[in-house]
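Asks: First the structure, which I've put down as structure tokens, then a few questions once you've had a look.
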Amino acid sequence: GKKLGYTFNHRNLHNISLGQGQEVVAEQALDLAAKEGHWVILQNIHLVAKWLSSLEKKLEQLSEGSHQDFRVFVSAEPAPCPESHIIPQGILENSIKITSEAPTSMHANLHKALDNFSQDTLEMCSQEKEFRSILFALCYFHAVVAERRKFGAQGWNRPYPFSTGDLTISVSVLYNYLEASSKVPYDDLRYLVGEIMYGGHITDDWDRRLCRTYLEEFIKPEMLEGELCLAPGFLLPGNMDYNGYHQYIDDALPPESPYLYGLHPNAEIGFLTQRSERLLRTVLELQPRDSSMAQGAVGTQEEMVQALVEELLEKLTDEFNMAELLARVEERTPYAVVALQECERMNVLTAEIRRSLTELELGLKGELTMTSDMETLHNSLFLDTVPESWVRRSYPSTASLGSWFADLLARISELEAWTRDFSLPSTLWLGGFFNPQSMLTAVMQTAARKNKWPLDKMTLQCDVTKKSREDFASAPREGAYIHGLFMEGARWDAQAGTITDARLKELTPAMPVVFIRAIPEDKQDTRGLYPCPLYKTRQRGPTYVWTFNLKTKEKPSKWVLAGVALLLQP
């Protein structure tokens, strides 16, 4: 305050945290501060969206005739998406804006995590060696979980708002536990940090497993013996002072790479590729939308879309005749039921595609008035994206329109082949189903009926063969062969029959045919197995399908940290 010419003390400051019915208090503080020349700090204004218009009007009123020393500071969390941008334009235009950018590397994140403490912090615990070692490990853990989100879905299935408060509270818990016990309670610390402090943010079970695995690797008895590596080439430091730890980070931390997070270098290639695709997509969307194209172009936008509409309608096959299919079914086995359900869903999708394309074709010819829905479809076709009305009736996919439509025709072809006599195909394309879970459940239902086993006491056993789809002429006597799986984060070694490290630049290598069969839960041997999640797309998260147990010679924790998963689409 002195540098700015103010005589300033705590009585001149009104610090108000919003979100607990404090809006009236804030308005009273603003009125008083404007009169007396005080400062007002309004924290977390993003929590009071309905009050922000009132705040805008209040600040506009107080901008004239107020004391010259009157100042207002507001803070808000960053909005997760454009729809959440709720701060009124008037407040934004009349303010000086300051953003606190998160660090963008492990080096910066680790320094920032350590900056929350001091030499006094390091000296406050009676078990000094244990406290310092675990505190540094927690700082590294915090830096990892915060920065891992940049790798997209392979980093975390969902983004989480981990904050420095999670770290400082975890260190306070650590201090209290060490002061109360002569032994380090590793299990208790891992549970409190992983399931409550940080785990309180986590909503996805696979992300919870990842968080738990990091703590199991970072906080364990070996850390006090000087043999614990937090990352390849980065040992947990011994007993140092505060500045020594900062110096150790500068001297010993390896260069930024996915290895620091337990990930394969391919994870960075995938993340940068996706970011580039988003950038190029945005540039494409900024193109002029009028019909007059640059000279020398192939044709007008309408002509291009018209040609595409005619092509898609020509390639689109007729819908399945459900009455005919039902008459052809001799026995409604679980497999037959799945086939019929898939045909019904395909009919809903193809009917919408045909209806919307036919409608747009008439609109382009001038026989129908163009509606907003037709305009939206027109823009989607021009930008090579799958139209929204199709997506709502479709299956999860990250493909562009051209690839998506080719995939759709392949799915229809598979269903046509299956429904000719409803006998199980030699190998099933699991990724070709609207609902892959129904097919895997049908495998268990068939075994349950045959062997009179209780369905809720069964599980699927997954055996990876050494063969490809062409090597199979008939379906197995029990279970099913499935093809079309891809692995992200690692690859399958067909000769050794185990998961192994991925090859550089092979982001989603194909899997051999997998043999799936149902067995009683109590007969499953889980030793030497990695519980691998199966997702429909690389977006992971809500596209989860099933868990396949795959053989591994390495510790399963390695594949957990590497974000290894099976995908139905590359």
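The values are calculated or read from the model by the stated rules, or taken from the named source; none is laboratory data. Note that this is a predicted model, so its numbers are computed, not measured. Cβ placement follows ideal geometry from the backbone for every residue including glycine, while neighbour counts extend to all protein chains displayed. Quick note on the areas: whole protein, heavy atoms, side chains included, nothing else; ligands and nucleic acids left out. Shrake-Rupley method; radii C 1.70, N 1.55, O 1.52, S 1.80 Å.
Asks: Where the only charges are on Cβ atoms (+1 Lys, Arg; -1 Asp, Glu), what is the dipole of the range 424-569 about its Cα centre, to the nearest 20 debye?
Replies: With Lys and Arg at +1 and Asp and Glu at -1, about 40 debye.
Asks: With both partners inside the chain, how many of the DSSP beta bridges are antiparallel, as a percent to the nearest 5?
Replies: 65
Asks: Find, among the trypsin sites (Lys or Arg not before Pro) in the range 447-481, those assigned to loop by DSSP (not H, G, I, E, B) with at most 13 other beta-carbon atoms within 10 angstrom.
Replies: 452, 466, 477
Asks: I've got another one for you. Please list, by residue number, every one of the GluC sites (Glu not before Pro) in the range 328-365 that is coil in DSSP and has at most 15 other beta-carbon atoms within 10 Å.
Replies: 330, 331
Asks: Excluding same-chain residues fewer than 8 positions from residue 315, which lysines have a Cα within less than 23 Å of its Cα?
Replies: Reachable lysines: 365.
Asks: Dipole of the chain (Lys/Arg Cβ +1, Asp/Glu Cβ -1, origin at the Cα centre): which of 286, 270, 137 lies farthest to the positive side?
Replies: Selected residue: 137.
Asks: Using 7 Å Cα-to-Cβ label points, what is the residue 92/residue 172 separation (nm, one decimal)?
Replies: Taking the two extended label points, one gets 3.5 nm.
Asks: How would the range 106-265 be classified by its alpha-carbon gyration tensor: rounded, prolate or oblate, with rounded meaning a/c under 1.5 and the a/b versus b/c comparison settling the rest?
Replies: oblate
Asks: Given charges of +1 on the Cβ of Lys and Arg and -1 on the Cβ of Asp and Glu, with all other atoms neutral, how large is the dipole of the chain about its Cα centre, in debye to the nearest 20?
Replies: Dipole size: approximately 1160 debye.
Asks: In addition: Near residue 156, within a Cβ-to-Cβ distance under 15 Å, what is the net charge of the other residues, with Lys and Arg +1 and Asp and Glu -1?
Replies: +3
Asks: Okay, moving on. Give me the extension gain from residue 393 to residue 275: residue separation times 0.36 nm, minus the current Cα-Cα distance, reported in nm with one decimal.
Replies: That works out to 39.8 nm of additional length.
Asks: Starting from the amide H of residue 532, placed 1.01 Å from N in the peptide plane, find each other amide H under 5 Å away whose residue is 5 or more places distant or on another chain.
Replies: Answer set, sorted by chain and number: 548, 549, 550.
Asks: Can you give me the % of accessible surface on the range 106-265 that is carbon or sulfur? Probe 1.4 Å, all protein chains present, nothing else counted.
Replies: Reported share for carbon and sulfur atoms: 51 percent.
Asks: Here is a follow-up. Tell me the accessible surface of residue 223 in square angstrom (1.4 angstrom probe, heavy atoms of protein chains only), to the nearest ten.
Replies: 10
Asks: Further question: Rounded to the nearest 0.05, what FRET efficiency is calculated for residue 466 and residue 20 with R0 set to 35 Å and r the Cβ-Cβ distance?
Replies: The calculated FRET efficiency here is 0.05.
Asks: Right, next: With semi-axes √(5λ) of the Cα gyration tensor in Å in mind, check (i) 48, 31, 22; (ii) 43, 28, 24; (iii) 50, 39, 21 and report the label derived from this structure.
Replies: The calculated read-out lines up with (iii).
Asks: Okay, moving on. Quick check on the range 2-94: take the gyration tensor over C-alpha atoms, sort the square-rooted eigenvalues as a ≥ b ≥ c, and tell me if it's rounded (a/c under 1.5), prolate or oblate.
Replies: prolate
Asks: Another question about this same structure. Restrict the search to the range 91-179; then list the GluC sites (Glu not before Pro) that DSSP places in a loop and that have at most 10 other Cβ atoms within 10 Å of their Cβ.
Replies: Answer in residue order: 101.
Asks: Once both axes come from the Cα atoms, what is the angle between helix 301-315 and the longest principal axis of the chain, in degrees from 0 to 90, rounded to 10?
Replies: For helix 301-315, the angle is close to 50 degrees.
Asks: Take residue 384 and residue 256, extend 7 Å from each Cα along the Cα→Cβ direction, and tell me the distance between the two endpoints in nm.
Replies: A separation of 3.0 nm, rounded to one decimal place.
Asks: Another question, then. Taking the Cα centre of the range 1-145 as origin, sum charge times position over the Cβ atoms of Lys and Arg (+1) and Asp and Glu (-1), and report the length of that vector in debye to the nearest 20.
Replies: 220
Asks: Under a 5 Å amide H to amide H cut-off, with H placed in plane at 1.01 Å, what residues pair with residue 17 once short-range neighbours are removed?
Replies: Here the answer is 43, since their amide H atoms fall under 5 Å of that of residue 17.
Asks: Which one, 22, 43, 528, projects farthest toward the positive side of the charge dipole computed for the chain from Cβ point charges (K/R +1, D/E -1)?
Replies: Checked the options; the winner is 528.
Asks: Straight-line reach only, C-alpha to C-alpha below 20 angstrom: list the aspartates and glutamates that residue 551 could link to, leaving out same-chain residues fewer than 8 apart.
Replies: 463, 488, 493, 501, 521, 522, 525
Asks: Where Lys and Arg each count +1 and Asp and Glu each count -1, what net charge lies around residue 122 among other residues with Cβ under 9 Å from its Cβ?
Replies: -3
Asks: Consider all pairwise Cα distances in the range 141-189 and report the whole-number % of them above 14 Å.
Replies: Of the Cα pairs, 60 percent sit more than 14 Å apart.
Asks: Any aspartates and glutamates with Cα under 13 Å of the residue 57 Cα? List them, leaving off those in the same chain fewer than 8 positions away.
Replies: Residue 57 reaches 27, 31.
Asks: What's the local net charge at residue 552, with K and R +1, D and E -1, over the other residues with C-beta under 11 Å away?
Replies: Residues near residue 552 contribute +3 overall.
Asks: From the C-alpha gyration tensor of the range 424-569, pull out the three semi-axes of the equivalent ellipsoid (sqrt of 5λ each), sorted largest to smallest, in whole Å.
Replies: Whole-Å semi-axes of the equivalent ellipsoid: 24, 17, 15.
Asks: Starting from 0.36 nm per residue, how many nanometres of slack lie between residue 53 and residue 124 once their C-alpha separation is accounted for?
Replies: Difference between extended and current length: 20.8 nm.
Asks: With everything on Cα atoms, drop me the angle between helix 401-418 and the longest principal axis of the chain, reported from 0 to 90° to the nearest 10.
Replies: 40
Asks: Quick one: helix 128-147 against the long Cα principal axis of the chain, what's the angle to the nearest 10°, folded into 0 to 90?
Replies: Between helix and principal axis, roughly 50 degrees.
Asks: Run the paramagnetic zone check for residue 27: 7 angstrom along Cα to Cβ, then residues of the range 41-66 with backbone nitrogen under 12 Å.
Replies: Zone members listed by number: 51-59.
Asks: Now for a separate question. Would you mind computing, in nm to one decimal, how far apart the modelled labels at residue 449 and residue 68 are, each placed 7 Å from Cα along Cα→Cβ?
Replies: About 8.9 nm, to one decimal.
Asks: Taking 0.36 nm per residue of separation and subtracting the Cα-Cα distance, what length does fully extending residue 506 through residue 243 add?
Replies: Extra length available between residue 506 and residue 243 comes to 90.5 nm.
Asks: Hey, another quick one. Please list the non-local residues whose amide H lies under 5 Å from the amide H of residue 511, H modeled 1.01 Å from N, same-chain partners needing a gap of 5 or more.
Replies: The list, which skips near neighbours in sequence, is 485, 486, 487.
Asks: Based on the Cβ-Cβ distance from residue 35 to residue 85, what FRET efficiency comes out when R0 is 35 Å, to the nearest 0.05?
Replies: Calculated transfer efficiency: 0.60.
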